[in-house]
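See below for the structure under consideration.
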Amino acid sequence: MSERLGFDHVTKVFEGQRGEADFVAFDDVTLQAGPSEFLAVVGPSGCGKSTLLRMAAGLVSPTAGKVLLGDQPVQEPPPGVIYLFQQYAKSLFAWRNVIDNVMFPLESAPRARRGELRRQCQDYLRQVGLAGFEEKYPWQLSGGMQQRVAIARALAANPRVLLLDEPFSAVDALTRMELQSLLLQLWERRRFTAILVTHDVEEAIFLADRVAVLSARPTALKEIIDVDLPRPRDQLATREHPRFLSLRHHITASLLGPNEKTNEHAALV
Amino acid sequence: MPRSSEPDGIGYWAGVSPAIVLCIWELAGRLGWTNPILLPNPTQIVAALAALVASGGILTPLVHTVGLFVVGFTLAAVIGTGIGIAMATSRRLYGLLEPLVEMLRPIPKPALVPVLFLFLGIGKATMIALVVLAGMFPVLISTYQGVRGLDPVLLETARTFQISRSRMIASIILPASLPMILAGMRVALGLGLVLVILAEMLAAQEGIGFRILDLERSFQIRDMFAWIVVLVLLGAAMMKVFDVAERNLVPWRGRS
């Protein structure tokens, strides 16, 4: 199950506190992730990428413009739009063991279905490679495993749209690659719409169908690049693909801006 | 007392300073430096305590004190947690209750004893009310701060799962702020015990507080000291129970 999620001329202004000037986080951004699309958003740090996702999740509202889930404007957090935070340790419920964390989104279901749902959650844990860890508590797991729990919990919520806010930036490089591959597997199986925000250009290309490049403040949409790399993607083959390298070059240059391009050119001369 | 949270070896050293004080006390008594009627030796106090335990006379006052304490402490914990969460989650309730809390909180609670006598009479209601008044404010303040200090990531995670306000409070806010709530309860535990003894001295015909004062007035000093020892042990036992409960309730504290 998936759904289209779009930003329609979205502007977000944070009011300045105590006489400070207002801060324009986004200026007239129009961007859309189609059903089952994997869209990545890259931008310089501090450009408000997270704010974009928070608006998509209905956690903050835009100052002007609309966030649309299908044809419905997003105001409150809509069902099936699930947010995967970078700070997995803070987003897991420390007082619940692994299986009860994953069960959380399903607890409003009738009691009679609990047994069936629990088995379903055990299956999600198996899918993220955590079979046998049901009774452990988050603080007994490594960072990568904690993020796997968060992913399993997101699956349990039956996501139409999965919002990924730099979800792998706090784990080590090897774990990051494992989690990226895992995410792709799950996405290919479930076909939810995915919007990933990251500052890691390679991660964006490796995962996404399209990469949206944002400019620095006030953030506007600079360009959208189609990632025409074959799927399923592979950590070695995809990353060594000539097209991968040229995309990386293009997007990195775009992020670094015109000044860097000039320097690069000067260095060549 | 050896505790797992302390560095290795401290357990053995913790017993040394009380042992030295007790030795000096005992020695001073035996050498005739102290008045044996006003200050009995530790060994005499232990003998009095042993007699008290053997006779079974320890039971009724102990049950009286512990009973009042448990009722008062439980009420204080429930009321403090409830108002704390209400104030932390509703700006309207905060605005409504904050001036009242700030007015009542700084009053030294024993000063309210005469007022309570007037309205609740000299008896159990007054004693319990005193423990509640002493215990609820530390719990309330701690709870409020605990809830306000919760990480937005946690609350937003819960919000994206479409949960109702009541479930948000019961399943997220309450357990997440439990470490802080328990910290408040720890303070309330100490204060509550102080107030229950004071209350028994002023308003009871039974209980450890009543016994201590009564034995002093009838000049049975050894027995009076024996009851003070009971009180010390009771306080230590309650702290121990609280430690164990806390470790089981919030095993993630300081680890996540």
Qualifying residue in region B:123-141 (condition: in contact with a helix residue (DSSP H, G or I) (Cβ under 9 Å, 6 or more places away or on another chain), closer than 21 Å to B:VAL187 by Cα and surrounded by fewer than 15 Cβ atoms within 10 Å (Cβ to Cβ)): no
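So that you can scan it fast, the table gives a plain yes or no per residue for (1) basic (Lys, Arg); (2) modelled with pLDDT under 95; (3) buried (at least 16 other Cβ atoms within 10 Å of the Cβ):
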{"site": "A:LEU184", "(1), (2), (3)": "no, no, yes"}
{"site": "A:TRP187", "(1), (2), (3)": "no, no, yes"}
{"site": "A:PHE244", "(1), (2), (3)": "no, no, yes"}
{"site": "A:HIS249", "(1), (2), (3)": "no, no, no"}
{"site": "A:GLY257", "(1), (2), (3)": "no, yes, no"}
{"site": "A:GLU260", "(1), (2), (3)": "no, yes, no"}
{"site": "A:GLU264", "(1), (2), (3)": "no, yes, no"}
{"site": "A:ALA267", "(1), (2), (3)": "no, yes, no"}
Residue list for region A:95-106, filter: open to solvent by less than 10 Å² (accessible area, probe 1.4 Å) and within 9 Å of chain B (Cβ to nearest Cβ): A:PHE104
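Residues are listed down the side, and each one gets a yes or a no for (1) open to solvent by 10 Å² or more (accessible area, probe 1.4 Å); (2) of a type in the set (A, V, I, L, M); (3) within 13 Å of another protein chain (Cβ to nearest Cβ); (4) not in a loop (DSSP other than H, G, I, E, B):
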| residue | (1), (2), (3), (4) |
| --- | --- |
| A:ARG18 | yes, no, no, no |
| A:THR30 | yes, no, no, yes |
| A:SER45 | yes, no, no, no |
| A:LEU59 | yes, yes, yes, no |
| A:ALA89 | yes, yes, yes, yes |
| A:PHE93 | no, no, yes, no |
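Given the residues A:ALA131, A:ALA109, which is the only one that is within 13 Å of another protein chain (Cβ to nearest Cβ), aliphatic (A, V, I, L, M) and either outside any helix (DSSP H, G or I) or more than 26 Å from B:ARG253 (Cβ to Cβ) (or both)? Please lay out each step first, then the result.
On the way: A:ALA131 fails: within 13 Å of another protein chain (Cβ to nearest Cβ).
Exactly one of A:ALA131, A:ALA109 is within 13 Å of another protein chain (Cβ to nearest Cβ), aliphatic (A, V, I, L, M) and either outside any helix (DSSP H, G or I) or more than 26 Å from B:ARG253 (Cβ to Cβ) (or both), namely A:ALA109.
From the list B:ALA199, B:ALA236, exactly one residue is more than 14 Å from every other protein chain (Cβ to nearest Cβ), under 18 Å from the mean Cα position of the chain (by Cα), crowded, with 17+ Cβ neighbours inside 10 Å and within 23 Å of B:VAL70 (Cα to Cα). Which is it? Give the derivation first.
Details: B:ALA236 fails: crowded, with 17+ Cβ neighbours inside 10 Å.
Within the list B:ALA199, B:ALA236, the selection yields B:ALA199.
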Residue under evaluation B:LEU215, criteria (1) more than 22 Å from the chain's Cα centre (by Cα); (2) away from chain A (no Cβ under 14 Å); (3) hydrophobic (A, V, I, L, M, F, W, C); (4) more than 28 Å from B:GLY123 (Cβ to Cβ), criterion not met: (4)
Residues that are part of a strand (DSSP E or B), at pLDDT 95 or above and open to solvent by 10 Å² or more (accessible area, probe 1.4 Å), drawn from region A:205-223: A:ARG210
Residue tally, condition more than 13 Å from chain B (Cβ to nearest Cβ) and either of a type in the set (S, T, N, Q) or assigned to a helix (DSSP H, G or I) (or both), over region A:134-144: 1
Residue match in region A:82-96 (condition: among the small types (Gly, Ala, Ser), farther than 30 Å from B:TRP252 by Cβ and without any contact (Cβ under 8 Å) to a residue 60 or more places away in the chain): no
Residues being more than 25 Å from the chain's Cα centre (by Cα), of a type outside the set (Gly, Ala, Ser) and either closer than 18 Å to A:ILE82 by Cβ or at the interface with chain A (Cβ under 9 Å from one of its Cβ atoms) (or both) - total across region B:141-189: 15
Candidate set: region B:170-195, residues that are farther than 22 Å from A:PRO138 by Cα and touching a Ser or Thr at 6+ places or on another chain (Cβ under 6 Å); chosen: the one least open to solvent (accessible area, probe 1.4 Å): B:GLY184
Count - residues of region B:119-172 that are without any contact (Cβ under 8 Å) to a residue 12 or more places away in the chain and under 23 Å from B:PRO106 (Cβ atoms): 2
Test result for A:SER169, more than 30 Å from A:SER108 (Cα to Cα) and in a helix (DSSP H, G or I): no
Single match in A:GLN120, A:GLN75 (criterion: at pLDDT below 90, open to solvent by 40 Å² or more (accessible area, probe 1.4 Å), more than 10 Å from every other protein chain (Cβ to nearest Cβ) and farther than 11 Å from A:ALA154 by Cα): A:GLN75
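The values are calculated or read from the model by the stated rules, or taken from the named source; none is laboratory data. Nothing here was measured: the structure is a model prediction, and the numbers come from that model. With ideal geometry, Cβ positions are generated from the backbone for all residues, glycine too; neighbour counts draw on all protein chains shown. Ligands, DNA and RNA are excluded from the accessible area calculation, which covers all protein heavy atoms including side chains. Shrake-Rupley method; radii C 1.70, N 1.55, O 1.52, S 1.80 Å.
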